[in-house]
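The values are calculated or read from the model by the stated rules, or taken from the named source; none is laboratory data. All figures in this text were calculated on a predicted structure; none of them were measured in a lab. Please note: Cβ atoms are built from the backbone with ideal geometry, for glycine as well, and neighbour counts cover all protein chains shown.
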Amino acid sequence: MSRILAEVHETAKDLHEAGIFSDEQQTKFNLLCLPQNSPCSMAKKKDLRIYPAVLYKDGEGYSVYYPDLPGCLTCGDDLEEALSNAREALEGFLYISEMDNDPVPSPTPIEELRLPQGHFPTLISVCMDE
């Protein structure tokens, strides 16, 4: 888990250095995406799921997709909204997949993702205990 957290911190740092994140956005990014800050981990629940998501600038806002989960995508007017919507999209996708007994692929390690220029990976965590 510490390797994953280091990768998330590195992604936020890269986005900040590229001028995509302000200091405030980097802080919000960490709060929204880091597993230790998720409601699941704070409540000591056990079914924490972490998947790589990819975000990119799309017109005036941001788009987000999950390479491992076809059809699981969302967007937002700004990074905060896009990341919040990404968490909701992941939670909904996993919930519906489980209810329909559809297989859910394992997450690809973030370091194995090959992305087009301007696409940035991040890790999104959700708690599926409830």
Failed item in (1) modelled with pLDDT of 95 or more; (2) part of a loop (DSSP other than H, G, I, E, B), with Val104 passing the rest: (1)
Checklist (1) touching a strand residue (DSSP E or B) at 6+ places or on another chain (Cβ under 8 Å); (2) modelled with pLDDT under 90 applied to Leu31, failing item: (1)
Selection status of Arg114, charged (D, E, K, R) and within 14 Å of Ile50 (Cβ to Cβ): no
Candidate set from region 93-130 (those that are without any contact (Cβ under 8 Å) to a residue 60 or more places away in the chain and of a type in the set (Gly, Ala, Ser)); member that is surrounded by the most Cβ atoms within 10 Å (Cβ to Cβ): Ser97
